[in-house]
Every structure is written in structure tokens, then in C-alpha cells.
Amino acid sequence: MIPGDNLPRSPGLRLLVRPTLPIGLVLMNAPPPLPSIALPSRHLLGIDGMSATEIVGLLDLAEEAVAVSRQIEKKKAVLRGRTQINLFFEASTRTQSSFELAGKRLGADVMNMAVGNSAVKKGETVIDTAMTLNAMRPDILVVRHYAAGAVELLAQKVSCSVINAGDGVHEHPTQALLDALTIRRHKGTISGLTVAICGDIAHSRVARSNILLLNTLGARVRVVGPSTLLPTGIERLGVEVFTDMRSGLADVDIIMMLRLQRERMEGSFVPSVREYFHFFGLDERKLAYAKPDALVMHPGPMNRGVEIDSAVADGKRSLIGEQVEMGVAVRMAVLEALAAHLPNN
Ligand code: NCD
């Protein structure tokens, strides 16, 4: 049972999750109704403010999307005739392609716009760019921006649904959801697990969204890193803080490694990459501090030999490849949930 699962639902939330039936029963009876989850808002801007019920509803929906992607279940073209624009003000390979594939698997017409290459360079503001695209009447805008808060600002100006694909050091909600789905598939539940998020916490929207989500679902969350990469007051988000890997990884179930975000650093946060790897890079020796069945994650892109050793990244306890697959499924679930807000739905 997940804490908060029995909390009153937020107004406007409609959630019908398919009950888990034994296989035999499913085969003998008529198929149960498909789940239908609608989020209270037409946007997905962050994990902040989401309830455990909403998060679990999305994870359940994503579980079905895994079956669709593996061609076990039939494709649901809930976005047929809809236009999805991926508006990326910051370079991205995996997140953008993941959203593109998710939209296409649901039947949407998907257009990618790498804004870094065009209007912004000519001095156009975020709002101008958004208004121009809005005039083309898309149904869904998937936005990544280098400034925290920019996606929310943009969402206030447009008439379509907006999904935050990462805004500065603020939030990256679909990454936290895909991480949760990956964990749940291996550990069965999130509640009661101990998760260590390690490395460059200060510059990480992935860390922030994960801390919020994991706490909401009842995990114990630790952050581990050099004090220069731990924001002051981070304990207020409900995490235990460690500055060394030996104590930080002791008895943990999940280790999430983060990329050293050198492009966001002004000045020197670590003496040298070599020293950083020595103290904070995850190798076989440090992995042995965690539980024997602890699993390793990384949102990518990885700096091999900086925050993670190749032997661990490619080893049998790594979930890194599976995280990419779950990324498409979770984005399909989010798109499907927001489809309920589109006109004529
Ligand atoms: C993350 C991001 O962009 O915040 N990557 C991703 O979404 N694939 C993490 C990172 O850049 O290190």
C-alpha cells in the first residue's frame, strides 16, 4: 500500500485503474474496461503538487504502453489527427526522440523544433516563439528550456497543453516518472525502498523531480555528493545528506548516478575529474557498499570514467538501458492522460 494512496482525490481528477486480476480470470471473462486517467490540469509542469494517486495512475498507464511498444497489445491511436510540437531550447537527443516516438505511437503528427538554431539566435523571446507556434494551433507542446520556470511561463500564454521536458535546474517530471516505473518493475514497489541519488545534485532537475516523486511514494531518499555539489537546505526536501559514498550507499536498494553537469557550472566545483571519480565515481568497489541486490540507474547521457565506471554501467545490475525503454512508455502515458483535456474529448 502506498502512503497517500487513500488520500482524497484532487478536484477534477478522474481515475479508473484496471484491477489486477489473475491471468486465468482475465482470459475467462470479458476484458476489463481500459483505464482512463485524466490529470487535474491540462499541463504537466512538474512532480511538485502531484498526488500519489496521480503518479501511480500514470505508472499503471505506462505499464500498458510498454505492452503496446513491445507489440503485445494493440496500439491506441488516442492522438490521431492531433499535432504535437517538440520545442527544445536546449540540445537533447534521448528526451526529444523519446517524446517523438511516444507521440507517433499514439498516432499524433509530431514536429520537432530545435529553437536553439533559429529564432532565439535572432533575439526572439520565449513568449514570442511560443505565440508563433500557438498560432499554428498545435494540441500539445513539449518544451525544454535552459531557464527554470520558463516552461510554466510559456504554459500560461498558450492555449494548448504543455509538457515540461526539463526546465533549467528546476524539474524534469517525465524522467522521474520513468525512473519510478523502472524501479517498480524490478522491486515491485517504491514504498519502503532506500534510494541514493549521487553526484551533482546542485545542477540537477532530475534529482529534484526524483526527490519529490520518491518521497510522495514513500521511499527513503538520500543524496550523496561533495558538499560543493549539494545545495544548502536540501534536507528541507526530506532527504538524508551524505558526503561520502561508503556511508551514503550503505544498505541502499537503488543507486541513481547523475551526470557531472559541467556546462551549468560557473567556476570550479570539483578539483579534477580524476579526483571526482576516485571519491564519487561508481565502480565495483563502491557498489559493494550497497545491498547485494542493489540496482544502478543513470538518466544519461553518461560521462564514463567520471561519475560511473563502464564495468558498472554495462554490468548486470545496471537498469540504464531499460530506463530508455520506459521513457517512451511513460511519455505515452502522459500524452494519453493529457489527451482527455483536448477539445472534443
Ligand atoms: C537529463 C537532463 O537533461 O536533465 N538527461 C535527460 O533528460 N536525458 C540529465 C542530464 O542532462 O544529465
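List of remarks:
- Scanning segment 37-90 for residues that are surrounded by fewer than 19 Cβ atoms within 10 Å (Cβ to Cβ) and assigned to a strand (DSSP E or B) gives a single hit, Thr83.
- Flag if Ala135 is over 27 Å from Leu181 (Cβ atoms), in contact with a Phe, Trp or Tyr (Cβ under 8 Å, 6 or more places away or on another chain) and surrounded by fewer than 19 Cβ atoms within 10 Å (Cβ to Cβ): no
- Subset of segment 304-317 [under 21 Å from the mean Cα position of the chain (by Cα) and surrounded by fewer than 19 Cβ atoms within 10 Å (Cβ to Cβ)]: Arg317
- Residues in segment 318-341 that are surrounded by fewer than 16 Cβ atoms within 10 Å (Cβ to Cβ) and at pLDDT below 95: 1 in all.
- On the stretch given as segment 64-97, residues that are within 16 Å of the ligand (Cβ to nearest atom) and in contact (Cβ under 8 Å) with a residue 24 or more places away in the chain total 11.
- Candidate set from segment 149-160 (those that are free of Cβ contacts under 8 Å to residues at least 40 places away in the same chain and in contact with a His (Cβ under 8 Å, 6 or more places away or on another chain)); member that is nearest to Thr174 (Cα to Cα): Gly149
- Under the condition of being more than 16 Å from the ligand (Cβ to nearest atom) and aliphatic (A, V, I, L, M), the residues counted in segment 306-345 number 10.
- When segment 138-150 is limited to residues that are within 16 Å of the ligand (Cβ to nearest atom) and within 16 Å of Gln96 (Cβ to Cβ), the one that is surrounded by the fewest Cβ atoms within 10 Å (Cβ to Cβ) turns out to be Tyr146.
- Condition met for Val143 (among the hydrophobic types (A, V, I, L, M, F, W, C), within 21 Å of Val324 (Cα to Cα), in contact with a helix residue (DSSP H, G or I) (Cβ under 8 Å, 6 or more places away or on another chain) and assigned to a strand (DSSP E or B)): yes
- Complete set of residues in segment 151-166 that are surrounded by 21 or more Cβ atoms within 10 Å (Cβ to Cβ) and either in a strand (DSSP E or B) or more than 14 Å from the ligand (Cβ to nearest atom) (or both): Leu154, Ala155, Cys160, Ser161, Val162, Ile163, Asn164, Ala165, Gly166
- Of all residues in segment 326-341, those satisfying the criterion of being touching a Ser or Thr at 6+ places or on another chain (Cβ under 7 Å) and of a type outside the set (Gly, Ala, Ser) are Met326, Val328, Val330, Arg331, Val334, Leu338, His341.
- Tabulated pairs, segment 167-183, first more than 17 Å from Ala155 (Cα to Cα) and part of a helix (DSSP H, G or I), second more than 10 Å from the ligand (Cβ to nearest atom) and of a type in the set (D, E, K, R), C-beta under 6 angstrom, 6+ apart or interchain: Thr182/Glu322
- Inter-residue pairs, beta-carbon under 6 Å, first closer than 18 Å to Thr189 by Cα and in segment 38-54, second at pLDDT 95 or above and crowded, with 20+ Cβ neighbours inside 10 Å, 6+ apart: Ala52/Thr216; Ala52/Leu217
- Scanning segment 213-259 for residues that are surrounded by 22 or more Cβ atoms within 10 Å (Cβ to Cβ), within 18 Å of the chain's Cα centre (by Cα) and within 16 Å of the ligand (Cβ to nearest atom) gives Leu213, Val223, Ile255, Met256, Met257, Leu258.
- Filtering segment 260-302 to residues that are touching a residue at least 12 places away in the same chain (Cβ under 8 Å), within 16 Å of the ligand (Cβ to nearest atom) and of a type outside the set (A, V, I, L, M, F, W, C) leaves Gln261, Arg264, Tyr276, Gly281, His298, Pro299, Gly300, Pro301.
- Residue that is surrounded by 24 or more Cβ atoms within 10 Å (Cβ to Cβ) and within 15 Å of the ligand (Cβ to nearest atom), where the choices are Ile183, Ile197: Ile197
The values are calculated or read from the model by the stated rules, or taken from the named source; none is laboratory data. Predicted, not measured: the structure shown is a model, and the values here were computed from it. Heads up, the Cβs are rebuilt from the backbone with ideal geometry, glycines too, and the neighbour counts pull from every protein chain shown.
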